[in-house]
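What follows is a single structure, written as structure tokens, with notes after it.
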Amino acid sequence: MKKLLVFLALPVLAQQLDTGKRIFESQCALCHGPDGSGGRGPNLRKAKLKNAPDEDVLKKVIVDGIPPEMPGAWQLHPAEVTATAAYVRSLGKLVVEEIAGVPAAGENVFANAGCVACHIVNGKGIANGPELSAIGSRRNAKHLRESITAPNSFLPDGFQILEVTDAAGRISKGVKANEDLFTIQLTLSDGRHASFQKASLKGLRRITGQSTMPAFNSLAAIDLDNLVAYLVSLKGAE
Ligand code: HEC
Ligand code: HEC
């Protein structure tokens, strides 16, 4: 009798994984990669997911998302949520991401290449770019590598770049730090802050697809590998 049940359960499971795969490819792959290995969102091909330790939490993450970066799939039917969760778990049984570099060596590269001038890690550094203390739990290695060599490829929320032309025609470009009805504050690429009266500006342009982070293209391959390994190791407070 037990054997028969197993035979009956198998096709149902296969069908559920099929449904989950279909949903994953249409709604999750954009950020987590077609094979779940990550991109803008973290790699899901892991046995343990930090933000989804068990089935119930995993389902809740799928439905509610993780603000502000992951949207919830609230429109899914509960059976579809279960199927998607089962598919995500099946990914975890597959291979883990292989990283060539050595995190400790990457930490030195991070300090020497000047990354600390714009990024905070565990309370140290300057906040001209996003805090990176937990970046390794949010992005995969491929995305991190691209963030270093081609920063324009993706700008995370909160890093909107503006170009203002003041009354004298001088142009300043920087990350928007603050804006109210009358003034706008920018953080310039050298870390200085500048405040402008909006009424006096000749021009205000919101720039998309251009980062204030310089592209680090001339790092030695080994330094880049180590740097990526270091960033991947930054998982935040467990
Ligand atoms: C717009 C991009 C985006 C989409 C679409 C998206 N996610 Fe995410 N997801 C993220 C990001 C970014 C995180 C990390 C959030 C954080 O930790 O702050 C995340 C986190 C997760 C986590 C937790 C991972 C961990 O290591 O704990 C799971 C599980 C997950 N997503 C599953 C899904 C599923 C399933 C779908 C489709 C129904 C989906 N995501 C759609 C961006 C996305
Ligand atoms: C002049 C300031 C500046 C310097 C120097 C700088 N960054 Fe950035 N970085 C930024 C800004 C601003 C962003 C957000 C916009 C973007 O993604 O391009 C960013 C984004 C990133 C991201 C992506 C974060 C995410 O949420 O996806 C990573 C990873 C990163 N930087 C790593 C580095 C490393 C490693 C170095 C040193 C080799 C470095 N940065 C040097 C300003 C800087």
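Summary of values
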| quantity | calculated |
| --- | --- |
| Three-way shape label, the stretch 161-207, alpha-carbon gyration tensor, a/c 1.5 | oblate |
| Gap separating the Cα centres of the stretch 129-156 and the stretch 34-101, nearest whole Å | 19 |
| The chain, helix-only ellipticity at 222 nm - DSSP H runs n ≥ 4, -39,500 (n - 2.57), divided by all residues, nearest 500 | -11500 deg cm²/dmol |
| Radius 10 Å from Cβ of L44, net charge of other residues (Lys, Arg +1; Asp, Glu -1) | +2 |
| Residues E25, E107 arranged by fewest to most Cβ contacts within 10 Å | E25, E107 |
| Overall form of the chain per C-alpha gyration tensor (a/c, 1.5; a/b vs b/c) | prolate |
| The stretch 161-207 - percent relative contact order, Cα under 8 Å, separation 6 or more | 42 |
| For the chain: relative contact order, % (alpha-carbon pairs under 8 angstrom, 6 or more apart) | 21 |
| Axial C-alpha extent at least 27 Å, average Kyte-Doolittle at least -1.0 - helices from the chain (DSSP) | 2-27 |
| Net charge of Cβ neighbours under 14 Å - reference W74; Lys, Arg +1; Asp, Glu -1 | 0 |
| Directionally averaged shadow of the stretch 42-106, computed from the convex hull of its alpha-carbon atoms, nm² | 5.5 |
| Which listed pairs, of K21/K46; K21/K48; K198/K235; K59/K93; K48/K176; K142/K198, have C-alpha distances above 28 Å, in listed order | K198/K235; K48/K176; K142/K198 |
| Cleavage-rule hits (trypsin sites (Lys or Arg not before Pro)) in the stretch 184-238: DSSP loop, at most 14 neighbouring Cβ within 10 angstrom | R192, K202, K235 |
| Whether the stretch 49-188 is rounded, prolate or oblate, judged on the alpha carbon gyration tensor where a/c under 1.5 counts as rounded | oblate |
| The stretch 123-238, relative contact order [Cα under 8 Å, separation at least 6], % | 36 |
| C118, C31 arranged by Cβ crowding within 10 Å, fewest neighbours leading | C31, C118 |
| Point-charge dipole on Cβ atoms (K/R +1, D/E -1) for the stretch 161-207, about Cα centre, debye to 20 | 140 |
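Values quoted throughout were computed directly from the atomic coordinates according to the rules given, and no laboratory measurement underlies them. Quick caveat, the model's predicted, so the values are computed rather than measured. Heads up, the Cβs are rebuilt from the backbone with ideal geometry, glycines too, and the neighbour counts pull from every protein chain shown.
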